[in-house]
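For reference, the structure discussed in these notes is given below.
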Amino acid sequence: LLVVFSLSLVVTAQPRPVEKSNTVDPNTPDSFEVRYEGGVFGMSGKEKGTLKFDEANERVVFYRADKKEMFGIAYDSMLTIYPDSKESVPQAGKVISALPLPGAGLANLMSKDTKYAIMSFEDTEIGQRPTVSFRFENKKELLAFINKLGVKSKMTQRGDAYYRPKKAVF
């Protein structure tokens with residue numbers, strides 16, 4: 001009895017692997033309206049534009065609002081891509097909450113949830129691994145973009161994120 005009882009304390013549950021769906025919805029668009037937030041070497045400043053999949057060259061490309069290509073990232077150089085969000089009070093809420101009026105402090109309860117796609121990749125030209133971020137308008141588009149890019153880049157899925165496993169070194 002003591003052995004059986006002590007063995008039951010040693011046995012632990014095995015974690016269930018995350019279910020993977022390595023398919024792309026056929027209704028997923030090939031371009032997404034986003035705002036570049038920074039991260040690429042030599043490309044400072046925030047820019048509104050479009051992220052497009054370039055199937056012929058196996059890369060994702062960011063085009064500025066004037067339709068000129070700003071930069072492209074090859075599928076095989078991708079290391080990670082994952083969604084992120086940041087909650088903040090808009091500037092109007094901050095201004096209203098500072099007014100000397102009864103109840104003005106409640107304006108701090110106004111909040112805006114901003115959705116981001118965070119991508120890191122291998123930049124072989126400069127020998128760095130930059131992390132670039134793009135702001136999306138809604139979560140549905142963000143997750144559709146991440147899923148499509150993850151599948152096209154042949155990356156491994158973990159939840160809503162995709163990553164490229166390290167190669168074993170012997």
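The values are calculated or read from the model by the stated rules, or taken from the named source; none is laboratory data. Worth saying up front: this structure is predicted, and the values here are computed from it rather than measured. When we count neighbours, we look across all protein chains shown, and the Cβ atoms used for this are built from the backbone with ideal geometry, even at glycine. All accessible areas refer to the heavy atoms of the entire protein, side chains included, with ligands and DNA or RNA removed. Shrake-Rupley method; radii C 1.70, N 1.55, O 1.52, S 1.80 Å.
Numbers below:
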quantity	calculated
Flag for Asp76 being closer than 15 Å to Val151 by Cβ, open to solvent by 60 Å² or more (accessible area, probe 1.4 Å) and not basic (Lys, Arg)	yes
Single residue of region 117-157 satisfying the filter (open to solvent by 10 Å² or more (accessible area, probe 1.4 Å) and among the hydroxyl-bearing types (Ser, Thr, Tyr)) that is nearest to Arg35 (Cα to Cα)	Ser133
